[in-house]
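Below is one structure, written out as C-alpha coordinates, with a few remarks after it.
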Amino acid sequence: MRRSTLPIHGGSPHAQPGSPVVTPITQSVSFVQELGTAEGLKYGRYGNTPNVELVERRLALLDGGEAAVALSSGMGATACAMLALLRPGDHLLSSSWIYGGTHKLFTQELAGMGIEITLIDPLAPRMWRKALRQTTRAIFVESPVNPTCRVLDLSSLANLAKAEGVALVVDSTFASPINFRPLEHGADVVIHSTTKYLNGHHDVLGGAVIGTASYVEEVRRKMIVWGQAPDPFAVWLLERGMKTLDVRVRRQNENALKLAQWCETRPEFARVLYPGLESHPDHEIAQQCLDGFGGMMAVEVAGGGDAAARFLQHLELVTHAPSLGGVDTLVSEPRYTSHAAMTPEARAEIGIPDGFLRFSVGIEDVGDLIADFEQALR
Ligand SMILES: Cc1ncc(COP(=O)(O)O)c(C=O)c1O
(Lines give C-alpha, C1' and ligand atoms only; values in the text may rest on other atoms or scores of the structure.)
Protein backbone atom coordinates (compact mmCIF):
# COMPACT_ATOMS: atom_id res chain seq x y z
CA MET A 1 0.00 0.00 0.00
CA ARG A 2 1.13 3.54 -0.72
CA ARG A 3 1.59 6.08 2.08
CA SER A 4 -1.79 7.81 1.60
CA THR A 5 -3.67 4.47 1.68
CA LEU A 6 -2.00 3.15 4.85
CA PRO A 7 -3.83 5.47 7.32
CA ILE A 8 -7.14 4.18 5.95
CA HIS A 9 -6.51 0.47 5.37
CA GLY A 10 -3.11 -0.46 6.85
CA GLY A 11 -3.33 -3.50 9.12
CA SER A 12 -7.10 -3.99 8.66
CA PRO A 13 -8.49 -7.52 8.77
CA HIS A 14 -9.68 -8.80 5.39
CA ALA A 15 -13.21 -7.47 4.72
CA GLN A 16 -15.94 -10.14 4.85
CA PRO A 17 -19.51 -9.77 3.54
CA GLY A 18 -21.57 -8.30 6.37
CA SER A 19 -18.61 -6.97 8.38
CA PRO A 20 -18.83 -3.27 9.35
CA VAL A 21 -16.86 -0.77 7.27
CA VAL A 22 -16.10 1.21 10.43
CA THR A 23 -14.26 -0.59 13.22
CA PRO A 24 -16.71 -1.14 16.10
CA ILE A 25 -15.64 0.24 19.49
CA THR A 26 -15.01 -2.62 21.86
CA GLN A 27 -15.52 -0.65 25.04
CA SER A 28 -14.70 -3.52 27.38
CA VAL A 29 -11.86 -3.72 29.87
CA SER A 30 -12.30 -7.40 30.59
CA PHE A 31 -12.58 -10.35 28.18
CA VAL A 32 -13.74 -13.91 28.73
CA GLN A 33 -10.77 -16.11 29.53
CA GLU A 34 -10.20 -19.70 28.49
CA LEU A 35 -10.17 -22.19 31.37
CA GLY A 36 -6.91 -23.81 32.47
CA THR A 37 -4.42 -21.53 30.67
CA ALA A 38 -2.78 -18.10 31.04
CA GLU A 39 -2.47 -17.83 27.24
CA GLY A 40 -4.47 -15.14 25.47
CA LEU A 41 -5.32 -13.17 28.60
CA LYS A 42 -6.91 -9.90 27.49
CA TYR A 43 -7.26 -6.80 29.70
CA GLY A 44 -7.56 -3.09 28.96
CA ARG A 45 -4.35 -2.09 30.75
CA TYR A 46 -2.36 -4.66 28.73
CA GLY A 47 -3.20 -2.75 25.56
CA ASN A 48 -4.15 -5.99 23.77
CA THR A 49 -7.79 -5.18 23.03
CA PRO A 50 -9.16 -5.05 19.45
CA ASN A 51 -9.20 -1.28 18.77
CA VAL A 52 -5.68 -0.85 20.16
CA GLU A 53 -4.18 -3.75 18.22
CA LEU A 54 -5.51 -2.46 14.88
CA VAL A 55 -4.16 1.06 15.44
CA GLU A 56 -0.79 -0.34 16.50
CA ARG A 57 -0.44 -2.33 13.26
CA ARG A 58 -1.33 0.81 11.28
CA LEU A 59 1.13 3.04 13.17
CA ALA A 60 3.96 0.53 12.63
CA LEU A 61 3.25 0.42 8.87
CA LEU A 62 3.09 4.22 8.59
CA ASP A 63 6.52 4.73 10.15
CA GLY A 64 8.04 1.62 8.54
CA GLY A 65 8.78 -0.12 11.87
CA GLU A 66 8.40 -3.78 12.87
CA ALA A 67 5.93 -2.96 15.64
CA ALA A 68 4.21 -0.13 17.48
CA VAL A 69 2.63 0.34 20.87
CA ALA A 70 -0.15 2.89 21.47
CA LEU A 71 -0.21 4.68 24.82
CA SER A 72 -2.47 7.11 26.65
CA SER A 73 -0.45 10.28 25.88
CA GLY A 74 2.69 11.52 24.16
CA MET A 75 4.34 11.94 27.55
CA GLY A 76 3.37 8.38 28.46
CA ALA A 77 5.01 7.26 25.21
CA THR A 78 8.27 9.14 25.88
CA ALA A 79 8.38 7.98 29.51
CA CYS A 80 7.85 4.30 28.68
CA ALA A 81 10.19 4.46 25.66
CA MET A 82 13.00 5.77 27.86
CA LEU A 83 12.24 3.47 30.82
CA ALA A 84 12.59 0.55 28.40
CA LEU A 85 16.11 1.73 27.41
CA LEU A 86 17.64 3.11 30.60
CA ARG A 87 18.49 1.74 34.07
CA PRO A 88 19.89 3.63 37.09
CA GLY A 89 23.55 4.41 36.33
CA ASP A 90 22.94 4.67 32.57
CA HIS A 91 23.56 7.88 30.67
CA LEU A 92 21.23 9.65 28.22
CA LEU A 93 22.42 12.21 25.68
CA SER A 94 19.59 14.50 24.71
CA SER A 95 19.20 17.50 22.47
CA SER A 96 18.45 20.59 24.55
CA TRP A 97 15.85 21.58 21.92
CA ILE A 98 13.01 19.48 23.27
CA TYR A 99 9.39 19.94 24.38
CA GLY A 100 9.13 21.37 27.93
CA GLY A 101 7.38 18.26 29.30
CA THR A 102 10.13 16.01 27.91
CA HIS A 103 12.75 18.30 29.46
CA LYS A 104 11.06 17.91 32.88
CA LEU A 105 10.79 14.14 32.44
CA PHE A 106 14.52 13.86 31.71
CA THR A 107 16.00 16.42 34.12
CA GLN A 108 13.65 15.86 37.06
CA GLU A 109 12.13 12.38 36.88
CA LEU A 110 14.76 10.22 35.12
CA ALA A 111 17.60 12.12 36.81
CA GLY A 112 15.87 11.49 40.16
CA MET A 113 16.01 7.75 39.42
CA GLY A 114 19.79 7.80 39.03
CA ILE A 115 19.86 8.09 35.22
CA GLU A 116 22.45 10.64 34.13
CA ILE A 117 21.45 13.19 31.52
CA THR A 118 23.58 15.47 29.34
CA LEU A 119 21.78 18.10 27.27
CA ILE A 120 23.52 19.01 24.02
CA ASP A 121 23.05 22.20 22.03
CA PRO A 122 22.42 20.93 18.46
CA LEU A 123 24.26 24.02 17.17
CA ALA A 124 27.47 22.43 18.51
CA PRO A 125 27.28 19.04 16.75
CA ARG A 126 30.81 17.98 17.80
CA MET A 127 29.61 17.92 21.40
CA TRP A 128 27.59 14.73 20.85
CA ARG A 129 30.69 12.58 20.41
CA LYS A 130 32.57 14.41 23.18
CA ALA A 131 29.76 13.87 25.67
CA LEU A 132 29.50 10.09 25.05
CA ARG A 133 30.35 7.86 28.01
CA GLN A 134 30.83 4.12 28.55
CA THR A 135 27.38 4.17 30.16
CA THR A 136 25.60 6.08 27.35
CA ARG A 137 22.63 3.98 26.20
CA ALA A 138 20.58 6.39 24.13
CA ILE A 139 20.55 9.62 22.13
CA PHE A 140 17.28 11.55 22.10
CA VAL A 141 16.29 14.29 19.66
CA GLU A 142 13.13 16.05 18.59
CA SER A 143 12.80 17.04 14.93
CA PRO A 144 11.25 19.30 13.76
CA VAL A 145 11.76 21.15 17.04
CA ASN A 146 8.99 22.61 19.21
CA PRO A 147 8.47 25.63 18.98
CA THR A 148 11.27 26.99 16.79
CA CYS A 149 10.60 24.66 13.82
CA ARG A 150 14.32 23.90 13.50
CA VAL A 151 15.11 20.66 11.63
CA LEU A 152 17.99 18.40 12.68
CA ASP A 153 20.20 16.36 10.37
CA LEU A 154 19.81 12.78 11.60
CA SER A 155 22.41 11.11 9.38
CA SER A 156 25.53 12.03 11.40
CA LEU A 157 23.76 11.23 14.67
CA ALA A 158 22.60 7.89 13.27
CA ASN A 159 26.19 7.04 12.26
CA LEU A 160 27.45 7.96 15.72
CA ALA A 161 24.70 5.95 17.45
CA LYS A 162 25.41 2.88 15.27
CA ALA A 163 29.17 3.08 15.80
CA GLU A 164 28.74 3.37 19.56
CA GLY A 165 25.94 0.82 19.87
CA VAL A 166 23.47 3.25 21.42
CA ALA A 167 19.83 3.75 20.45
CA LEU A 168 18.80 6.85 18.49
CA VAL A 169 15.33 7.94 19.63
CA VAL A 170 13.44 10.59 17.65
CA ASP A 171 10.26 12.44 18.63
CA SER A 172 8.84 13.38 15.22
CA THR A 173 5.44 14.54 16.46
CA PHE A 174 5.75 17.86 14.55
CA ALA A 175 6.12 16.14 11.17
CA SER A 176 3.79 13.10 11.33
CA PRO A 177 4.81 10.04 9.27
CA ILE A 178 3.50 11.74 6.12
CA ASN A 179 6.29 14.34 6.22
CA PHE A 180 9.10 12.48 8.02
CA ARG A 181 9.94 8.88 8.88
CA PRO A 182 13.03 8.85 11.10
CA LEU A 183 13.57 5.06 10.77
CA GLU A 184 14.41 5.67 7.09
CA HIS A 185 17.19 8.01 8.26
CA GLY A 186 18.86 5.59 10.67
CA ALA A 187 16.84 6.14 13.87
CA ASP A 188 16.03 3.11 16.03
CA VAL A 189 12.94 4.40 17.80
CA VAL A 190 10.18 6.85 16.83
CA ILE A 191 7.90 8.60 19.30
CA HIS A 192 4.69 10.47 18.49
CA SER A 193 2.25 12.41 20.54
CA THR A 194 -0.74 11.06 18.57
CA THR A 195 -2.72 13.87 20.24
CA LYS A 196 -1.35 16.07 17.44
CA TYR A 197 -1.29 15.32 13.69
CA LEU A 198 -2.15 11.61 13.84
CA ASN A 199 -5.50 12.30 15.49
CA GLY A 200 -5.76 15.77 14.04
CA HIS A 201 -8.95 17.03 15.68
CA HIS A 202 -7.91 18.31 19.13
CA ASP A 203 -10.23 15.79 20.78
CA VAL A 204 -8.07 12.94 22.00
CA LEU A 205 -4.85 12.36 23.96
CA GLY A 206 -2.50 9.61 22.86
CA GLY A 207 1.05 8.55 22.18
CA ALA A 208 2.92 5.90 20.20
CA VAL A 209 6.33 4.24 20.15
CA ILE A 210 7.58 2.48 17.02
CA GLY A 211 10.65 0.26 16.68
CA THR A 212 11.76 -3.38 16.56
CA ALA A 213 9.31 -6.01 17.83
CA SER A 214 11.52 -6.95 20.80
CA TYR A 215 12.01 -3.33 21.89
CA VAL A 216 8.31 -2.52 21.50
CA GLU A 217 7.51 -5.52 23.74
CA GLU A 218 9.78 -4.02 26.41
CA VAL A 219 7.98 -0.65 26.08
CA ARG A 220 4.67 -2.51 26.40
CA ARG A 221 5.86 -4.13 29.65
CA LYS A 222 6.62 -0.64 31.01
CA MET A 223 3.25 0.64 29.78
CA ILE A 224 1.44 -2.16 31.62
CA VAL A 225 3.11 -1.66 35.00
CA TRP A 226 3.19 2.15 34.86
CA GLY A 227 -0.48 2.17 33.78
CA GLN A 228 -0.17 4.05 30.48
CA ALA A 229 -2.49 2.04 28.20
CA PRO A 230 -4.99 4.01 26.11
CA ASP A 231 -8.76 3.76 26.43
CA PRO A 232 -10.59 1.99 23.54
CA PHE A 233 -12.73 5.04 22.72
CA ALA A 234 -9.66 7.29 22.55
CA VAL A 235 -8.04 4.78 20.19
CA TRP A 236 -11.21 4.57 18.09
CA LEU A 237 -11.16 8.37 17.73
CA LEU A 238 -7.47 8.17 16.81
CA GLU A 239 -8.23 5.57 14.13
CA ARG A 240 -11.02 7.77 12.74
CA GLY A 241 -8.76 10.84 12.75
CA MET A 242 -5.90 8.96 11.08
CA LYS A 243 -8.04 8.11 8.03
CA THR A 244 -7.67 11.70 6.80
CA LEU A 245 -4.02 12.09 7.86
CA ASP A 246 -2.60 12.35 4.35
CA VAL A 247 -5.07 14.95 3.02
CA ARG A 248 -4.93 16.99 6.22
CA VAL A 249 -1.15 17.09 6.36
CA ARG A 250 -0.78 17.93 2.67
CA ARG A 251 -3.25 20.81 3.06
CA GLN A 252 -1.48 21.99 6.22
CA ASN A 253 1.87 21.91 4.39
CA GLU A 254 0.41 24.06 1.61
CA ASN A 255 -1.37 26.49 3.95
CA ALA A 256 1.62 26.97 6.24
CA LEU A 257 3.95 27.69 3.31
CA LYS A 258 1.59 30.30 1.85
CA LEU A 259 0.96 31.91 5.23
CA ALA A 260 4.69 31.98 6.07
CA GLN A 261 5.50 33.50 2.66
CA TRP A 262 2.86 36.20 3.25
CA CYS A 263 4.17 36.90 6.76
CA GLU A 264 7.67 37.37 5.34
CA THR A 265 6.38 40.33 3.29
CA ARG A 266 5.04 42.10 6.38
CA PRO A 267 7.18 44.60 8.34
CA GLU A 268 5.19 43.84 11.52
CA PHE A 269 7.04 40.51 11.76
CA ALA A 270 10.75 40.76 12.59
CA ARG A 271 11.31 37.06 11.82
CA VAL A 272 9.31 34.23 10.27
CA LEU A 273 10.38 30.66 10.96
CA TYR A 274 9.17 27.96 8.59
CA PRO A 275 11.38 25.16 7.20
CA GLY A 276 9.93 25.70 3.72
CA LEU A 277 11.27 29.26 3.48
CA GLU A 278 14.66 29.80 1.91
CA SER A 279 15.46 32.11 4.83
CA HIS A 280 15.07 29.24 7.33
CA PRO A 281 18.44 28.18 8.81
CA ASP A 282 17.68 24.48 8.13
CA HIS A 283 15.95 24.85 4.75
CA GLU A 284 18.48 22.60 2.99
CA ILE A 285 18.33 19.86 5.64
CA ALA A 286 14.54 20.06 5.57
CA GLN A 287 14.57 19.64 1.77
CA GLN A 288 16.72 16.52 2.13
CA CYS A 289 14.88 14.73 4.91
CA LEU A 290 11.26 15.90 4.89
CA ASP A 291 8.58 14.99 2.35
CA GLY A 292 6.68 18.13 3.35
CA PHE A 293 7.67 21.17 5.40
CA GLY A 294 4.80 20.77 7.87
CA GLY A 295 1.99 22.82 9.34
CA MET A 296 3.99 24.44 12.14
CA MET A 297 5.38 27.95 11.77
CA ALA A 298 6.47 30.73 14.10
CA VAL A 299 6.80 34.50 13.93
CA GLU A 300 8.52 37.08 16.04
CA VAL A 301 6.34 40.18 16.23
CA ALA A 302 8.34 43.39 15.85
CA GLY A 303 7.70 45.34 19.05
CA GLY A 304 8.00 42.30 21.34
CA GLY A 305 5.54 40.96 23.90
CA ASP A 306 3.13 43.93 23.96
CA ALA A 307 2.81 44.04 20.18
CA ALA A 308 2.26 40.26 20.10
CA ALA A 309 -0.45 40.57 22.75
CA ARG A 310 -2.25 43.24 20.68
CA PHE A 311 -2.03 41.07 17.55
CA LEU A 312 -3.44 38.07 19.45
CA GLN A 313 -6.34 40.10 20.88
CA HIS A 314 -7.49 40.92 17.35
CA LEU A 315 -7.21 37.49 15.70
CA GLU A 316 -10.72 36.19 15.12
CA LEU A 317 -10.48 32.96 13.12
CA VAL A 318 -7.22 31.78 14.63
CA THR A 319 -7.76 30.36 18.11
CA HIS A 320 -5.44 31.09 21.03
CA ALA A 321 -4.92 27.63 22.53
CA PRO A 322 -2.10 25.20 23.32
CA SER A 323 -1.45 21.97 21.39
CA LEU A 324 -1.09 21.53 17.63
CA GLY A 325 -1.67 19.37 14.60
CA GLY A 326 -5.45 19.67 14.28
CA VAL A 327 -7.74 20.92 11.55
CA ASP A 328 -8.27 24.32 13.25
CA THR A 329 -5.47 26.89 13.19
CA LEU A 330 -4.15 27.53 16.71
CA VAL A 331 -1.69 30.07 18.05
CA SER A 332 0.25 29.87 21.30
CA GLU A 333 2.82 31.97 23.09
CA PRO A 334 5.62 29.75 24.41
CA ARG A 335 6.35 32.29 27.17
CA TYR A 336 2.97 31.34 28.69
CA THR A 337 2.93 27.64 27.74
CA SER A 338 5.84 25.25 27.11
CA HIS A 339 8.57 27.69 28.18
CA ALA A 340 6.78 29.49 31.04
CA ALA A 341 9.26 28.20 33.62
CA MET A 342 12.24 29.96 31.95
CA THR A 343 13.35 33.60 32.38
CA PRO A 344 12.82 35.93 29.37
CA GLU A 345 16.63 36.07 28.94
CA ALA A 346 16.99 32.28 28.91
CA ARG A 347 14.14 32.00 26.41
CA ALA A 348 15.70 34.64 24.16
CA GLU A 349 18.98 32.69 24.22
CA ILE A 350 17.30 29.62 22.73
CA GLY A 351 15.54 31.65 20.04
CA ILE A 352 12.21 32.32 21.77
CA PRO A 353 12.17 36.03 22.67
CA ASP A 354 9.02 37.73 23.97
CA GLY A 355 6.90 38.45 20.90
CA PHE A 356 7.46 34.91 19.59
CA LEU A 357 4.23 33.22 18.48
CA ARG A 358 3.83 29.61 17.37
CA PHE A 359 1.14 28.71 14.84
CA SER A 360 -0.29 25.29 14.13
CA VAL A 361 -1.80 25.93 10.73
CA GLY A 362 -5.06 24.12 10.05
CA ILE A 363 -6.94 23.17 6.91
CA GLU A 364 -9.08 26.32 6.54
CA ASP A 365 -8.95 28.31 3.28
CA VAL A 366 -5.56 30.00 3.47
CA GLY A 367 -7.11 33.21 2.06
CA ASP A 368 -9.25 33.40 5.20
CA LEU A 369 -6.22 32.86 7.43
CA ILE A 370 -4.26 35.59 5.66
CA ALA A 371 -7.28 37.93 5.88
CA ASP A 372 -7.49 37.26 9.62
CA PHE A 373 -3.78 38.03 10.09
CA GLU A 374 -4.14 41.17 7.97
CA GLN A 375 -7.11 42.60 9.91
CA ALA A 376 -5.46 41.77 13.25
CA LEU A 377 -2.25 43.55 12.20
CA ARG A 378 -4.29 46.54 11.07
C1 LIG B 1 7.01 17.44 20.39
C2 LIG B 1 6.10 16.95 21.49
N3 LIG B 1 6.32 15.75 22.04
C4 LIG B 1 5.53 15.27 23.02
C5 LIG B 1 4.47 16.00 23.52
C6 LIG B 1 3.62 15.43 24.62
O7 LIG B 1 2.40 14.97 24.12
P8 LIG B 1 1.06 14.80 24.97
O9 LIG B 1 0.55 16.16 25.29
O10 LIG B 1 0.18 13.97 24.09
O11 LIG B 1 1.43 14.05 26.24
C12 LIG B 1 4.19 17.25 22.97
C13 LIG B 1 3.04 18.04 23.46
O14 LIG B 1 2.83 19.18 23.11
C15 LIG B 1 5.03 17.75 21.92
O16 LIG B 1 4.81 18.95 21.37
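The values are calculated or read from the model by the stated rules, or taken from the named source; none is laboratory data. This structure is a prediction, so every number in the text was calculated from the model and none was measured. For neighbour counting, all protein chains shown are included, and Cβ atoms are generated from backbone atoms with ideal geometry for every residue, glycine included. These accessible areas exclude ligands, DNA and RNA; they are computed on the full protein's heavy atoms, side chains included. Shrake-Rupley method; radii C 1.70, N 1.55, O 1.52, S 1.80 Å.
Quick notes on this one:
- Couplings 3J(HN,Hα) of segment 76-86, computed from phi: x, 5, 5, 4, 5, 4, 6, 5, 6, 9, 10 Hz, in residue order, whole Hz [Karplus 6.51 cos²θ - 1.76 cosθ + 1.60, θ = phi - 60°; x for Gly and Pro].
- The string of couplings for segment 213-225 from the Karplus curve (6.51, -1.76, 1.60, θ = phi - 60°) is 4, 5, 5, 4, 5, 5, 4, 4, 4, 5, 4, 5, 7 Hz, one whole number per residue in order, with x for Gly and Pro.
- Dipole-positive endmost among Thr343, Phe293, Leu54 within the chain (Cβ charges, Cα centre): Leu54
- Between Arg3 and Ser323, the modelled label-to-label distance comes to 2.6 nm, taking each label 7 Å out from Cα in the direction of the beta carbon.
- Residues of the chain: accessible area per residue with a 1.4 Å probe, Å²: 44
- Distances between placed amide hydrogens fall under 5 Å for Tyr43 paired with Asn48, all partners being 5 or more residues away or on another chain.
- Rounded to the nearest whole angstrom, the semi-axes of the ellipsoid equivalent to segment 1-122, taken from the Cα gyration tensor as √(5λ), stand at 35, 21, 12, largest first.
- Ranked by how many other beta carbons lie within 10 Å on average, peptides 90-98, 225-233 from highest: 90-98, 225-233
- Put simply, the amide H of His320, placed in the peptide plane, has neighbours under 5 Å in Val331, leaving out anything fewer than 5 places away on its chain.
- Shown in residue order for segment 168-182 are the 3J(HN,Hα) couplings computed by the Karplus curve 6.51 cos²θ - 1.76 cosθ + 1.60 at θ = phi - 60°: 9, 10, 10, 8, 10, 3, 5, 9, 6, x, 6, 8, 7, 10, x Hz (x for Gly and Pro).
- 0 to 90° range, to nearest 10: angle between helix 366-377 axis and the chain longest Cα axis: 50
- Computed Rg/Rh of the chain, alpha carbon atoms with Kirkwood Rh: 0.98
- Shape summary: segment 245-377 maps onto an equivalent ellipsoid whose semi-axes, from the alpha-carbon gyration tensor, are 22, 18, 14 Å in decreasing order.
- Lys42 accessible area, 1.4 Å probe, all protein chains in place, Å² to nearest 10: 70
- Amide H within-cut-off set for Ser73, under 5 Å, with H built and near neighbours excluded: Gly207
- Tyr46, Tyr215, reordered so the largest accessible area comes first (probe 1.4 Å): Tyr46, Tyr215
- Apportionment of accessible area to carbon and sulfur, the chain, percent (1.4 Å): 53
- Using the Cβ-Cβ distance between Gln261 and Gln288 with R0 = 22 Å, the FRET efficiency computed as 1/(1 + (r/R0)^6) comes to roughly 0.55.
- Given charges at Cβ of Lys, Arg, Asp, Glu: the chain dipole, positive-most of Leu377, Gly362, Leu86: Leu86
- Charge dipole (Cα centre; +1 on Lys/Arg Cβ, -1 on Asp/Glu Cβ; no other charges) of segment 201-307 amounts to roughly 380 debye.
- Rounded to the nearest 20, the size of the Cβ-charge dipole of the chain about its Cα centre is 640 debye, with Lys and Arg at +1 and Asp and Glu at -1.
- In this structure, Ser19 and Arg87 have a Cβ-Cβ separation that, at R0 = 45 Å, corresponds to a calculated FRET efficiency of about 0.50.
- Between the Cα long axis of helix 232-242 and the first principal axis of the chain there is an angle of about 50°, rounded to the nearest 10.
- Out-of-range pairs (alpha-carbon distance over 22 Å; input Lys130/Lys162; Lys196/Lys243; Lys104/Lys162): Lys104/Lys162
- Once the chain from Ser28 to Tyr43 is taken as fully extended at 0.36 nm per residue, the excess over their C-alpha distance is 4.6 nm.
- Acute angle (nearest 10 degrees) that the helix 304-314 long axis makes with the longest principal axis of the chain, alpha-carbon atoms: 70
- For the pair Ala213 and Met113, label points projected 7 Å from Cα toward Cβ lie 2.6 nm apart.
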